[in-house]
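Read the structure below first, then the notes.
The values are calculated or read from the model by the stated rules, or taken from the named source; none is laboratory data. In this text the structure is predicted, and so the values were computed from the model without any measurement. Here the Cβ positions follow ideal geometry from the backbone for every residue, glycine too, while neighbour counts run over all protein chains shown.
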Amino acid sequence: MLTLSNEDRDVIARLLQPGVGVLQGTKGKRLAQDKGIILVACSDGDQFHDLYCHKVTLQARHREDPRIHPLVLHGLPCRLAYRSPANDPDDMVDEVFLKCIRGALSRKHFETVALCAHVPCMHATDYGLGVLDQLRLMVAGKIRIADYCRPAEPTIACFLHVDYGEERAKENRRKTYFVNREALRRFTDAMLPPISDLNLA
Ligand SMILES: [Zn+2]
């Protein structure tokens with residue numbers, strides 16, 4: 001099983017700081033899902049069960065029976081952005097899964113899409129993507145889904161599942177966080193150097 005890199009662990013700690021607020025707990029967050037959710041996730045067999053169970057738990061507040069429509073593939077939440085570096089040039093993964101999402105919205109009448117990236121992720125590691133890269137690609141994918149699926153107007157939410165590893169007690173080892181898009185934009189903007197520092201010559 002992969003272990004969380006120190007680099008990603010440090011970034012996650014920063015993203016969780018209250019003043020930053022990119023990653024937030026899901027308790028109290030009411031994502032509308034009376035009609036269930038389309039779950040876009042990585043197929044990682046070490047993590048999917050925990051992720052799926054978390055979604056079932058959240059849905060219990062909205063429905064008697066869970067209604068979850070999983071679309072899963074290695075690293076999928078990061079592969080829906082236009083020209084995502086998590087895809088090989090000819091694999092067409094984004095087109096195939098965008099069609100699946102649009103079809104589930106129109107034919108199965110879902111109204112909510114949950115994108116859930118995770119760390120540590122084999123696919124993201126293989127393509128050289130850190131957790132911040134994954135979050136940015138997932139949000140870009142969210143925007144693309146919204147455009148692609150018009151005139152449907154689904155609610156699309158982003159989540160990050162983290163496996164902190166065996167150093168934590170079992171019940172505290174895995175966490176799923178809500179990703180705040182605006183806070184992520186502010187955080188990544190702040191990382192860019194001021195314009196005066198750029199060598200534009
Ligand atoms: Zn993965």
Review point. Within region 68-87, which residues are without any contact (Cβ under 8 Å) to a residue 40 or more places away in the chain and closer than 18 Å to Arg144 by Cβ?
Key: Leu71, Leu73, Leu76, Arg83, Asn87
Check your understanding: Is there a residue in region 24-39 that is closer than 15 Å to Ala157 by Cα, within 16 Å of the ligand (Cβ to nearest atom) and modelled with pLDDT of 90 or more?
Key -> yes
Study note, to complete from the structure: Within region 162-194, residues small (Gly, Ala, Ser) and out of contact with any Lys or Arg (no Cβ under 8 Å at 6 or more places or on another chain) come out as Ala169, Ala183, Ala190
Practice item. Search region 102-121 for residues being more than 16 Å from the ligand (Cβ to nearest atom) and of a type in the set (A, V, I, L, M), and hand back the single one that is nearest to Thr188 (Cα to Cα). Key: Val113
Study note, to complete from the structure: Apart from one, (1) surrounded by fewer than 13 Cβ atoms within 10 Å (Cβ to Cβ); (2) within 16 Å of the ligand (Cβ to nearest atom); (3) part of a helix (DSSP H, G or I) all hold for Met1; the odd one out is (3)
Study note, to complete from the structure: Exactly one of Ala157, Ala104 is over 28 Å from Gly19 (Cβ atoms), out of contact with any Pro (no Cβ under 9 Å at 6 or more places or on another chain) and in contact (Cβ under 8 Å) with a residue 24 or more places away in the chain, and that residue is Ala104
Practice item. State the number of residues belonging to region 122-142 that are under 13 Å from Arg79 (Cα atoms), near the ligand (Cβ under 10 Å from one of its atoms) and touching a residue at least 60 places away in the same chain (Cβ under 8 Å). Key: 1
Exercise for review: Answer yes or no: is there a residue in region 55-62 that is within 17 Å of the chain's Cα centre (by Cα) and more than 28 Å from Glu95 (Cα to Cα).
Suggested key: yes
Check your understanding: What is the residue count in region 44-67 for residues that are without any contact (Cβ under 8 Å) to a residue 12 or more places away in the chain and either assigned to a loop (DSSP other than H, G, I, E, B) or more than 16 Å from the ligand (Cβ to nearest atom) (or both)?
Key -> 6
Check your understanding: When residues of region 26-43 are filtered for being of a type outside the set (Ser, Thr, Tyr), under 14 Å from the mean Cα position of the chain (by Cα) and not in a strand (DSSP E or B), how many remain?
Key -> 1
Review point. For the subset of region 75-88 comprising residues that are within 13 Å of the chain's Cα centre (by Cα) and in a loop (DSSP other than H, G, I, E, B), which member is nearest to the ligand (Cβ to nearest atom)?
Key: Gly75
